[in-house]
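Below is one structure, written out as structure tokens; comments come after it.
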Amino acid sequence: MRRSTRLVPGRARDRVEPPGTYASNAGWAGDLRSAAGCAALLVVLLLLIDGGSGSLTAPRAVLWTGLAVLLLVVLFPARVTAGEGWLASRSLLCERRVRTDQLVAVRWSDGVAQRLVLRDLDGGRVELDPLVLVANPPLWRLLDAGARTSLGRGTLLCGATALKQLSQRIDGETAQTVFKVSGLQ
């Protein structure tokens, strides 16, 4: 019986990045520090308020600490990395990966926070904040190159509009940054 060589999400041997160009979101460490700071501030304030009122007990301290840990889990930022032909988003509990050179759909998700949803031929799905791509041009270039390959191969059936909107947004942000640095704005 022959074994399949298909990528399986979560399998340890599939986590090794292929050789070549590689980029990661540069602001991830700062976002993580901010999330940890919010959680620490919450637990300190809750303990101070509860202690100041004289009602702080060990079970309540554990409850407040658990609440702060829950806040940290909710605020934990996803680490986005990309290489030639792939993009991955790693959260606290899992890693999701798509082949950008085999995309079949790119769309905006519905909801309060705008997200970009990428799907590939193998069923891989990654949902990410477009601000990560705006703030990290190397990530955007790798995603754009893979998406252009998908368009050229004919696998990207829907999503050209979403990519064009994102490209215009990133180009606008880049132009504003250039104007600010050069003193023209």
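Going by the alpha-carbon gyration tensor, a ≥ b ≥ c the square roots of its eigenvalues, is region 76-173 rounded (a/c under 1.5) or, if a/c is not under 1.5, prolate (a/b greater than b/c) versus oblate? Walk me through the numbers on the way to the answer.
Working: a/c = 1.37, a/b = 1.11, b/c = 1.23.
Rounded, because the longest to shortest axis ratio a/c is under 1.5.
To the nearest 0.05, what FRET efficiency results for THR57 and ALA36 with a Förster distance of 45 Å applied to their C-beta separation?
Values: r = 26 Å, r/R0 = 0.57.
Using R0 = 45 Å, I get an efficiency of 0.95.
Quick one: check the C-alpha center-to-center distance for region 64-84 versus region 140-173, whole angstrom.
Cα centroid of region 64-84 versus Cα centroid of region 140-173: 28 Å apart.
When all protein chains stay in place, what accessible area (Å², nearest 10, 1.4 Å probe) is found for CYS158?
70
Could you tell me whether region 106-156 comes out rounded, prolate or oblate from its Cα gyration tensor? Rule is a ≥ b ≥ c as square roots of the eigenvalues, rounded for a/c under 1.5, then prolate if a/b exceeds b/c, otherwise oblate.
Working: a/c = 2.38, a/b = 1.25, b/c = 1.91.
Oblate is the answer for region 106-156, as a/c is 1.5 or above yet b/c matches or exceeds a/b.
Hey, what number do you get for the chain at 222 nm if only DSSP H runs of n ≥ 4 count, each worth -39500 (n - 2.57), divided across all residues, to the nearest 500?
Estimated from H runs of four or more residues: -16500 deg cm²/dmol.
May I ask what percent, to the nearest 5, of DSSP beta bridges between residues of the chain are antiparallel?
95
Quick check: the angle from helix 58-75's long axis to the longest principal axis of the chain, C-alpha only, nearest 10 degrees?
Here the helix axis deviates by roughly 20 degrees.
For the chain, what is the charge dipole size about the Cα centre, in debye to the nearest 20, if Lys and Arg each add +1 at the Cβ and Asp and Glu each add -1 at the Cβ? Don't jump to the answer; show the numbers that get you there.
Numbers: 23 positive and 15 negative charges, 133 e Å.
The dipole magnitude comes to about 640 debye.
Quantify, in whole percent, the carbon and sulfur part of the accessible surface of the chain (1.4 Å probe; protein heavy atoms only).
With neighbouring chains kept in place, the figure for the chain is 60 percent.
Measure nothing fancy, just the Cα-based angle from helix 137-153's long axis to the longest principal axis of the chain, in degrees from 0 to 90, nearest 10.
In the chain, helix 137-153 runs at an angle near 40 degrees to the longest axis.
Any chance you could check the Cα centroid distance between region 34-62 and region 94-110 for me, in angstrom?
Each part's Cα centre sits 40 Å from the other's.
Length gain on complete extension for the stretch SER91 to THR161, per 0.36 nm per residue less the alpha carbon to alpha carbon distance?
22.5 nm
Rounded to the nearest 10 degrees, what's the angle between the helix 28-52 long axis and the longest principal axis of the chain, both from Cα atoms, 0 to 90?
20
At a Förster radius of 30 Å, what calculated FRET efficiency corresponds to the Cβ-Cβ distance of THR177 and VAL74, to the nearest 0.05?
Working: r = 31 Å, r/R0 = 1.02.
Step by step, r from the Cβ atoms, then E = 0.45.
The values are calculated or read from the model by the stated rules, or taken from the named source; none is laboratory data. All of these numbers come straight from a predicted model, not from anything done at the bench. Glycine also receives a Cβ, built like all others from the backbone with ideal geometry; neighbour counts cover every protein chain displayed. Please note that ligands, DNA and RNA were not included when accessible areas were found on the heavy atoms of the full protein model with its side chains. Shrake-Rupley method; radii C 1.70, N 1.55, O 1.52, S 1.80 Å.
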